[in-house]
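Everything below concerns the one structure shown next.
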Amino acid sequence: MLKKIMFLLIVASSLALAVPAAQKSRAVGGWLQLGNAGEHFGLDYKYRRTETTAIDIYGHFYFSSGDNALGVYFAHYWHNYNLLKLASDFGRIGLYAGPAGGFGWWLVDHYNDRVYEYDQSGLALRFGVVGGITWEMPIPLEIYAELNPVGEFHVIFDDYRDNRYDDNYVTWQIPDLYFRMGIRFWF
């Protein structure tokens, strides 16, 4: 699956090399994130609505033995390309900020000395703000880094092996701070 995604990204970027990123309206890419053990990486789609506004839809997925997570998020960005200037041969740098929110799910198996004790699953509703910096290169390629302080509302389900201690509860977590960096190919 990852090979197919990388192939599509390479084909999209090679087809679009003739026009700079600033003149294109859609981008796809990938990202890495720090700040949440269940969200390591994901895919990204950005749509430029105007010269200074954009919508970003990004998702994460992580599936392994005993640790699974999936989420979809949405952000609206306002860009300022006038604060940091580059020579036109080097593209442009923009600072951006805006609201963000989304929905996530996770399932984690908990073990004690390799014996399964319980699994924990949950749903998360997230909202916050995003602030970052982006470099739109002269080719249709963008590199970005952002901070995302958020609040999260969790509905958690604990399911014990012997069913004696099953528990469902709601938690509120604020603030959480995520650092995301990624790359997008414009087309």
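Read-outs: derived from the displayed coordinates by stated rules, not from any lab. All values derive from a computational prediction rather than experimental measurement. Glycine also receives a Cβ, built like all others from the backbone with ideal geometry; neighbour counts cover every protein chain displayed.
Placing unit charges on the Cβ atoms only, positive for Lys and Arg and negative for Asp and Glu, gives the stretch 58-186 a dipole magnitude near 740 debye about its Cα centre. Applying 1/(1 + (r/R0)^6) with R0 = 25 Å to the Cβ-Cβ distance of TYR47 and PHE127 gives a FRET efficiency near 0.80.
About its Cα centre, the dipole of the stretch 22-90 is roughly 320 debye, where the only charges are +1 on Lys and Arg Cβ and -1 on Asp and Glu Cβ.
In the stretch 53-104, the alpha-carbon atoms span a convex hull of 105 Å³ per residue. In this simple spin-label model, placing a label point 7 Å from the Cα along the Cα-to-Cβ direction at both ASN82 and ASP67 gives a separation of 4.6 nm.
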